1. Condition test on Leu215, is it surrounded by fewer than 16 Cβ atoms within 10 Å (Cβ to Cβ), part of a helix (DSSP H, G or I) and assigned by TED's automatic domain parsing to the domain that holds Val143?
2. Restricting to helices (runs of 4 or more DSSP H) lying wholly in the stretch 37-120: which have 3 or more residues that are in the same structural domain as Gly148 (by TED's automatic domain parsing) and more than 15 Å from Val143 (Cα to Cα)?
3. Failed condition for Asp153, given (1) surrounded by 21 or more Cβ atoms within 10 Å (Cβ to Cβ); (2) over 17 Å from the mean Cα position of the chain (by Cα), with all others met?
Amino acid sequence: MAAALMWALVIILLFFRRRRSSRTVTYSAVAIALSMTLNIDTLYVPFDRFLGGTNWGDLLANIALMVGIFFLGRGVTAAYDFSNIVTRLALGRGVLTVALAGVVISFMLIDHAHTSTQFMLDFGSQPAAAVYSILQYVYYGVVVGAMGWICLDQQRSATGSLRASVTSLAAGSGLAIIACAVVITMDLSHVTGDLALMNVMRLFYGPSYVGAIALLCFGLALPPAARWTRNTARLQVTKRYIKLLTPSWEAAAAQRPTATRLGSITRQAENPEQLLHRQVVEIRDATIDPRSGFALDERAATIIDRAEAHLLAGDRVRAPRARAVRPAT
């Protein structure tokens with residue numbers, strides 16, 4: 001389920017992200033999705049056997065997950081606020097390097113002679129295995145904690161789909177921290193022999209883990225999907241106004257020798273927003289040019305007023321968002 005959610009997020013980010021926006025979150029989603037895909041037993045077993053059958057596949061999958069979480073945290077926080085020194089330290093390359101080094105070293109110390117699809121259940125009684133798992137989940141907790149704090153802070157000033165996004169990301173980060181705490185408790189109880197506590201904590205792991213993934217995916221997918229939906233709806237309205245204004249535009253152009261002729265329709269067809277703007281301007285110019293003798297009837301005047309308001313509304317929406325939030329996907 002987690003892998004399916006992550007691949008769905010990857011598809012949404014690839015199709016709906018802005019062309020010139022940062023790809024950090026997209027790359028992180030791919031890395032995390034690949035890591036979670038390797039948790040599927042039918043895929044993991046042949047992959048690990050290809051690597052020698054001693055769980056090197058588990059190490060590679062976990063490294064991919066750590067790197068993906070690193071870029072996810074960087075991408076999300078950079079989109080909102082990366083000025084806090086604690087946040088920059090928690091999401092810095094130094095912390096990631098130390099965590100990765102500790103994970104690799106502890107993995108090398110584990111006695112794991114055969115491929116296992118339940119690595120920590122089979123080898124979690126070994127102290128090195130406990131360290132191997134705890135280091136990972138401490139790092140995950142630090143990164144999602146920093147990310148969640150930033151999103152929670154942004155919730156106060158965000159509106160619309162952006163507010164829903166940061167709220168979902170903050171809630172997902174909170175559930176992820178709970179999942180990390182559950183895993184760390186399981187690791188400690190296993191290595192100390194308290195199997196009763198470990199089995200109790202296992203009941204909380206699945207819901208918190210899948211819930212965190214679902215909320216994080218929703219929060220990351222919502223802005224590009226909402227922006228695409230909004231832009232698509234706006235484009236349809238723009239095209240409708242172009243169609244309604246074309247007769248008036250043709251009449252205005254026909255009566256003004258210096259006006260742009262109908263050939264400009266073909267040249268501007270690739271950008272409906274510019275074409276509508278051109279129509280509005282040239283119709284307005286024709287109505288105030290005493291040489292043209294052009295006038296609008298009441299219906300056409302109403303349409304051009306609404307088209308002009310439509311264009312101005314788009315300008316007002318785009319400008320403040322471009323200043324407030326840099327694209328992260």
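The values are calculated or read from the model by the stated rules, or taken from the named source; none is laboratory data. These figures come from a predicted structure and were not determined experimentally. Methodologically, a virtual Cβ is constructed for each residue, glycine included, from the backbone with ideal geometry; neighbour enumeration extends over all protein chains shown.
1. no
2. 41-50, 56-80, 93-108
3. Only one criterion in (1) surrounded by 21 or more Cβ atoms within 10 Å (Cβ to Cβ); (2) over 17 Å from the mean Cα position of the chain (by Cα) is unmet by Asp153, namely (1).
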